[in-house]
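*Asks:* Pasting a structure below so you can have a look.
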Amino acid sequence: MIHQAATPKGLTQPNLDIQSKIEAAIAQVAKPARYAGNEWNSIRKDHSQVGLTFALAFPDVYEVGMSHLGSKILYHELNRRQDTACERVFAPWVDLEEIMRREMIPLFSLESRRPVKEFDLLGFTLQYELSYTNLLNMLDLAGIPLMAAQRGEDDPLVIAGGPCAYNPEPLAGFLDAIVLGDGEEVVHEIAEAVIQWKVGDGRAGGRTGLLSRLAKIRGIYNPSFYEVSYRDDGTLDRVKPIRFEAAFPVERRIIADLDQIDYPTNPIVPYMDVVHDRAMLEVFRGCTRGCRFCHAGTVYRPVRERSPEKVMELAEKLIRNTGYDEVGLVSLATSDYSCISDVVAKLVDQYGREGIGLSLPSLRVDSFSVDLADQVQRVRRTGLTLAPEAGTQRLRDVINKGVTEEDILGAARQSFTAGWSQLKLYFMLGLPTETDLDLDGIAGLVYRIIDVYREVTAGRKARPPRITVSVSTFVPKPDTPFQWEPQIPLEEIRRRQSYLGSRLRDRRIEYNYHDAQVSHLEGVISRGDRRLGRGLIEAWRRGCRFDGWTELFRPGVWAEALEATGLDPAFYANRCRDAAEALPWDHLSPGVTKEYLQDDYRRAPGGQPVSDCRWDGCDNCGVCPEAGVWPTLKTWTEEKQNQV
């Protein structure tokens, strides 16, 4: 049911006093559109007519959360159920939070502005480690006990999913249940289990009875059903299930065929600018290129493509149902989609005359990608981004990037020949085995790209090139071959950032780098265990929230909080893990085996390549036989192509 401006007849009203307070509070903040609701395609249902109410929470501001495709998918899946009402909630910015605390306004949903505490389920998306204090803050604003063990029958069940769910241990004490993997199917199983528990079983067994029911669903992890012990040196001893329903290990959910599941073709259209303000169309899921630093490349395997005719069908519906003038074809590496050239050509030919453009946010470093970008930008020309990741071939081989300097310079030459004068280059600093020679390699590569521009534009008047060099710091991630590697220390991050900057002092180059303390904290949390939860709660109590926002990040407070709770940041971020060490996330399986990751880790120093199983045969990573799901590449026959 599409939400209308007026309340439909018979719709139950939330507390009117709270409603009036919310209205008054929103009128006082800098960006009231964040909390207004009532957007095109938003859905509002009568809570008295459904068996389940679900508050879908994103622990960041509206502009960030409304750019997240996964949330759009879950909102669609839940609301297409007749027995479920799903509404959205985002982290209130500091101006609204101040008013909410002063006026005692509880955290509320956008659709009905009901207190989140009144919902049956509160589901968080875990996209980024530095949003964890926002999650705690949202629980507190909602009036929900922070600790799962302290919640009663009247409190919502607090669950979470997303990429950070593969190591949720720092949040284990705050979450009732965690979902691993693709959500399109499991979210229905969760809804049915909760409704059956509420209605059919009369809440049998209380919250523990409900958690027991959920634990029997593949992909569900209930932290309270597992006991954790540690060794005298502080490392993990083991994680042991303490209830018979608790799976060990917990296996992730994988959608086998994207063509067979619903896709949100009528997503909510915000009234304000958001980070990715366009229609988003997922063309495939997964990546098997095998970059050794990449968490997503592990936890989203195997590659599963949508058929090109399905992509065309969904694009038409998205354009007509939203009014957007741009469609983003999204995936981990969009140019790897096997039918990308034909699909792009047809979409541009079909919709370009209407002024509707395409964007491809993730492209390979090769000439094919430049050709593709040139074709896409026939409608609307923007900048071009390439990601060499490292400045020397030795280090690119160590990380299994799979591109050569010839590829990079060739792509740059082709982009300049096609008319681009601006180029953005992404690199990583602090990668395993990196030395200053590799940093010199970044600078050398950038200047060689400038030389290519000079060669291409020789003999004609051309504007000076603008090369943006963006450098992030390597953060070791769980479930990657580099999960055993240390992050370089904070002071070394700063030294290398300064060293590289001294070699890029040129008016044609813009040099950007991530805040060293932000990257360091990411390194602490990403491989944290349950004990880190006490540091999170202490940091939140001392005022930390929106830690991913430069203007609000408080590294000094974080340092004090970790020290006050007896936690050593270097133990988590800067310590090399032994191959035999038990890791905090070992009981949560992404499908890729630990043995495979160890083998690939051993291959890294010598730069031994790992092939892409889409094209070169199985690498025996373990995902496919365990899950019964195999790489799926969809072809487009000439007959089907001509019909579109």
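*Asks:* Take the solvent-accessible surface of the protein heavy atoms, probe 1.4 Å, and return the percent of it on the chain that carbon and sulfur atoms account for.
*Replies:* Ligands and nucleic acids excluded, carbon and sulfur give 50 percent.
*Asks:* By the gyration tensor of its Cα atoms, with a ≥ b ≥ c the square roots of the eigenvalues, what is the shape of region 459-509: rounded for a/c under 1.5, prolate for a/b over b/c, or oblate?
*Replies:* Judged from the Cα gyration tensor, region 459-509 comes out oblate (a/c at least 1.5, b/c at or above a/b).
*Asks:* Same structure again: For the chain, the longest stretch holding no GluC sites (Glu not before Pro) located in a DSSP loop with at most 11 other Cβ atoms within 10 Å is which?
*Replies:* 154-550
*Asks:* Are there cysteines in the chain with no other Cys C-beta under 4.7 Å, and if so, which?
*Replies:* Isolated Cys, the chain: Cys86, Cys164, Cys287, Cys339, Cys544, Cys576, Cys613, Cys618, Cys621, Cys624.
*Asks:* I would also like to ask the following. In straight Cα distance, which aspartates and glutamates are under 13 Å from Lys117, not counting same-chain residues fewer than 8 positions off?
*Replies:* Filter leaves Glu87, Asp140, Glu153, Asp154, Asp155.
*Asks:* Restricting attention to the alpha-carbon atoms of region 291-397, what are Rg (one decimal) and Dmax (integer), both in Å?
*Replies:* 15.3, 49
*Asks:* Once the Cβ-Cβ distance between Asp237 and Trp615 is put in as r, and R0 is 51 Å, what FRET efficiency do you end up with, to the nearest 0.05?
*Replies:* About 0.75, to the nearest 0.05.
*Asks:* Per residue of region 231-239, in order, report the coupling 6.51 cos²θ - 1.76 cosθ + 1.60 (Karplus, θ = phi - 60°) as ³J(HN,Hα) in whole Hz, putting x for Gly and Pro.
*Replies:* 8, 5, 7, x, 6, 5, 8, 6, 10
*Asks:* Further question on the same structure: Could you tell me the calculated FRET efficiency between Arg602 and Leu552, based on Cβ-Cβ distance and R0 = 35 angstrom, to the nearest 0.05?
*Replies:* So the FRET efficiency works out to roughly 0.25.
*Asks:* Also, I was wondering about something else. Tell me which trypsin sites (Lys or Arg not before Pro) from region 457-559 have a DSSP coil assignment and no more than 15 other beta carbons within 10 Å of their own.
*Replies:* Answer by residue number: Arg460, Lys461, Arg505, Arg507, Arg508, Arg542.
*Asks:* Which value, in Å², gives the accessible area per residue of the chain when a 1.4 Å probe is used on the protein heavy atoms?
*Replies:* About 40 Å² of surface per residue is accessible.
*Asks:* Membrane-span-like helices in the chain: DSSP H runs reaching 24 Å or more (Cα, own axis), mean Kyte hydropathy at least -0.5?
*Replies:* Both cut-offs are met by 436-456.
*Asks:* Which cross-chain or sequence-distant (5 or more) residues have an amide H under 5 Å from the amide H of Tyr511, H modelled 1.01 Å from N in plane?
*Replies:* Distant-sequence amide H within range of Tyr511: Val469.
*Asks:* Rounded if a/c is under 1.5, else prolate if a/b beats b/c, else oblate: with a ≥ b ≥ c from the C-alpha gyration tensor eigenvalues square-rooted, which is region 462-595?
*Replies:* Oblate, because a/c is 1.5 or more while a/b does not exceed b/c.
*Asks:* Next question, about the same structure. With charges set only on the Cβ (+1 for Lys and Arg, -1 for Asp and Glu), what does the dipole of the chain come to about its Cα centre, in debye to the nearest 20?
*Replies:* It comes to approximately 1000 debye.
*Asks:* Right, another one. Quick one: how many Å² of Thr433 are accessible to a 1.4 Å probe, rounded to 10?
*Replies:* About 70 Å², ignoring ligands and nucleic acids.
*Asks:* Is region 49-107 rounded, prolate or oblate when judged by the Cα gyration tensor, a ≥ b ≥ c being the square roots of its eigenvalues, rounded requiring a/c under 1.5 and prolate requiring a/b larger than b/c?
*Replies:* Oblate, because a/c is 1.5 or more while a/b does not exceed b/c.
*Asks:* OK, next. If you project the alpha carbons of region 54-148 onto their three principal axes, what span does each projection cover, largest first, in Å?
*Replies:* 37, 27, 26
*Asks:* Give me the net charge of Ser335's neighbourhood, meaning all other residues with Cβ under 12 Å from the Cβ of Ser335; Lys, Arg count +1, Asp, Glu -1.
*Replies:* Once all neighbours under 12 Å are counted, the net charge is -1.
*Asks:* Check which residues have an amide H placed less than 5 Å from Val330's amide H, if you skip close sequence neighbours.
*Replies:* Hits under the 5 Å cutoff: Leu281, Glu282, Val283.
*Asks:* If each DSSP helix of 4+ residues adds -39,500 (n - 2.57) and the sum is divided by the residues in the chain, what number results at 222 nm, nearest 500 deg cm²/dmol?
*Replies:* About -10000 deg cm²/dmol.
*Asks:* Collect residues whose amide H, placed 1.01 Å from N in the peptide plane, falls under 5 Å from the amide H of Lys424; neighbours closer than 5 in sequence don't count.
*Replies:* Leu384, Thr385, Leu386, Thr468
*Asks:* Using a cut-off of 14 Å between beta-carbons, work out the net charge of the residues near Gly51 (Lys and Arg +1, Asp and Glu -1, Gly51 not included).
*Replies:* Value of the local net charge: -1.
*Asks:* Enter the mean projected area of the convex hull around the alpha-carbon atoms of the chain, in nm², rounded to one decimal.
*Replies:* 29.6 nm²
*Asks:* Determine ³J(HN,Hα), in whole Hz, for all residues of region 59-67 in sequence, where each value follows from phi through the Karplus function 6.51 cos²θ - 1.76 cosθ + 1.60 and θ = phi - 60°; x replaces Gly and Pro.
*Replies:* For region 59-67, the Karplus curve yields x, 7, 5, 3, 4, 7, x, 6, 9 Hz.
*Asks:* Just to confirm a number: summing +1 for Lys and Arg and -1 for Asp and Glu over residues other than Tyr513 whose beta-carbon lies under 10 angstrom from that of Tyr513, what do you get?
*Replies:* Neighbourhood net charge equals +1.
The values are calculated or read from the model by the stated rules, or taken from the named source; none is laboratory data. Fair warning: this is a prediction, and the values are worked out from it, not measured in the lab. All Cβ positions, glycine included, derive from the backbone under ideal geometry; neighbour counts span all protein chains shown. The area values use the complete protein model at the heavy-atom level, side chains included, leaving out ligands, DNA and RNA. Shrake-Rupley method; radii C 1.70, N 1.55, O 1.52, S 1.80 Å.
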